[in-house]
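Have a look at the structure below before the remarks.
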Amino acid sequence: MSAMTPAKKTFSAAEQQQIAIPTSGLFDRSNAFSIDFSAIKSNGYSFPLPVGKVKVVDDNQALEISTSAGDAVKAMFGGVVRLSRNVNGSGNVVVVRHDNGIETVYANNAQNMVAVGQRVKAGQTVAIVGSDAGRTYCKFSLMVNGGRINPKTFIDLNSHTLRKQTVLCKKNGTYVDVSVIENLEKQPKDVKDIIVSDNDDKIDFTGMPKSEWAYPLPGSHVISPFGGARHHSGIDLKTRPNDNICAAFDGVVIMAGNYFGYGNCIKIKHNNGLVTLYGHQSRNLVKNGEKVKAGQIIGLTGRTGRATTEHLHFEVFFKGHRLDPSSIFDTANKSLQQITLICKNGVVKTQRNYFAKK
């Protein structure tokens, strides 16, 4: 349920002409996806006009960011330019479709500096700010599937920073419901302290002591692997009803409760930079904000949510990217894979290490 697929570089004629248009393929795999803004690195985000003054307009659906003539308008996230043209009533407009599922709109530009199909990075100049009626400003908005979203949902307008939270975007007919499901700004200090630094893009599992990791469901077997025709977002592990589920690594619980089709669900942010998710429990045994150790029993297997049998649904994320859990764990031997996990330029790769550390 994470929209992290790179945006495409080709667009239909309608997509290149209309500011607001549904994002093709956005909900093909699921009727919902989440965005973990706390996992975005400092160089993965930019406020459109960092020194500008912000005014909320259009019934909280857009921002007017006032600044000086000649200032550069910056892309908020990495993505691909979908629209770059003059639009009646909005002046020169740039729309960027981002890899996380969001689109951003930069209007009232004096000059657009990018072309359709061009890939841009966060902070890259996409336009020069324009003037209208004696005022110099960029009119900025965010969209999901063609519908505008209140910018304050994602951005602290006082500091111009992203809110450290996870947001769920769920399709509801022709609309998209956007809700906050995790907010690290409101969670205990321990949760904030565990966030890995922006420079920590590598995890070496080679020779990791057994005290620092645990297989989430000992004695289990895989009944549904990652991916496949169903685009399965994790792996399903089965033993027996109400069996003990273990925390995979040390960390802090950032979500514990009922979570849509996952039923009773737990999400843990780990000291090593991973985030793991455990779903369908009959009962959760930990609470939001609680510190846990590797191997600690955190819940009991069940069939809450969308499940036809008692089992554990297990997911793994690194830097906001969903991974195949079997790339971390050898599911046949219930052991840790001897690999180094590397995130570079937004791509996660595994490097197999054939000689364990002594």
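Considering Gly295, Gly305, the condition of being surrounded by fewer than 19 Cβ atoms within 10 Å (Cβ to Cβ), part of a loop (DSSP other than H, G, I, E, B) and in contact with a strand residue (DSSP E or B) (Cβ under 7 Å, 6 or more places away or on another chain) is satisfied by Gly305 alone. Taken over the stretch 234-243, the criterion of being open to solvent by less than 60 Å² (accessible area, probe 1.4 Å) and in contact with a strand residue (DSSP E or B) (Cβ under 6 Å, 6 or more places away or on another chain) is satisfied by Gly234, Ile235, Asp236, Leu237, Lys238.
For the stretch 77-95, the candidate set comprises residues that are among the β-branched types (Val, Ile, Thr) and farther than 27 Å from Asp36 by Cβ; within that set, the residue that is most open to solvent (accessible area, probe 1.4 Å) is Val87.
In the condition set (1) assigned to a strand (DSSP E or B); (2) within 30 Å of Gly44 (Cα to Cα), His280 is compliant with all but (2).
When Ser68 is tested against the conditions (1) modelled with pLDDT under 95; (2) part of a loop (DSSP other than H, G, I, E, B); (3) within 20 Å of Ala20 (Cα to Cα), the lone failure is (3). Mind listing just one residue for me: the one in the stretch 118-138 that is over 21 Å from His98 (Cβ atoms) and not aliphatic (A, V, I, L, M) and, of those, surrounded by the most Cβ atoms within 10 Å (Cβ to Cβ)? Going through the qualifying residues, I end up with Tyr137. State whether one or more residues within the stretch 183-206 are under 22 Å from Lys41 (Cα atoms), at pLDDT 90 or above and not hydrophobic (A, V, I, L, M, F, W, C). Yes.
Mind checking which residues of the stretch 62-75 are open to solvent by less than 40 Å² (accessible area, probe 1.4 Å) and either without any contact (Cβ under 8 Å) to a residue 60 or more places away in the chain or in contact with a Leu (Cβ under 7 Å, 6 or more places away or on another chain) (or both)?
Matches in the stretch 62-75: Ile65, Thr67, Ala72, Val73, Ala75.
Being over 26 Å from Asn345 (Cβ atoms) and either within 26 Å of the chain's Cα centre (by Cα) or not polar (S, T, N, Q) (or both) narrows it down to one of Ala127, Ala110, Ala122, so name that one. The conditions single out Ala110.
The values are calculated or read from the model by the stated rules, or taken from the named source; none is laboratory data. Model, not experiment: these values are computed from the prediction. As a convention, Cβ positions derive from the backbone with ideal geometry for all residues, glycine included, and neighbour counts pool all protein chains shown. All accessible areas refer to the heavy atoms of the entire protein, side chains included, with ligands and DNA or RNA removed. Shrake-Rupley method; radii C 1.70, N 1.55, O 1.52, S 1.80 Å.
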